[in-house]
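For reference, the structure is listed below as structure tokens.
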Ligand code: ADP
Ligand code: MG
């Protein structure tokens, strides 16, 4: 059985780079709370607690389900890491919700259930090759999330609790 891990918090502004440079919006640095894996308990850790958990989490590309408080539950693919192409000074979590929204959703509460891992972080020789890889990650996430093993995680109480 899959044991998701959970993060959540209000969506805040990131580097303002996803949409502009990549054409791919990614919720930036929004994750303020880590939620306990057991019994749906919510352990709202401080930002320090959060960065410890974040630093323990291997860099790379993950997938799972995202619940946006006022909108619903969506497939999600996200990168954790330093984004070598952009030389970030900080390790970040950048979830991309696999849905076309008409507008931004800054300020809304976002809950993520992360269920699987696609690949380690990598550097790319060009922006085009980076973007191509991100779309390949998206296809992998979309297909995997249809598998019964992962699709049933959509019913996770932690996601429902934010709606
Ligand atoms: P930021 O620097 O704030 O991360 P981006 O250009 O990466 O800026 O855009 C991210 C913002 O775009 C999100 O915070 C959200 O409000 C909005 N957005 C719209 N559609 C999506 C989507 N499909 N996935 C993630 N964010 C989206
Ligand atoms: Mg972003």
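The values are calculated or read from the model by the stated rules, or taken from the named source; none is laboratory data. Here the structure is a predicted model, which is why all the values come from computation and not from measurement. No Cβ is skipped: glycine too gets one built from the backbone with ideal geometry, and neighbour counts run over all protein chains shown.
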Extreme residue, nearest to ligand 1 (Cβ to nearest atom), among residues of the range 9-50 that are modelled with pLDDT of 50 or more and at positive phi: 16
Hey, residue 144 under 13 Å from the mean Cα position of the chain (by Cα) and in contact (Cβ under 8 Å) with a residue 40 or more places away in the chain or not: no
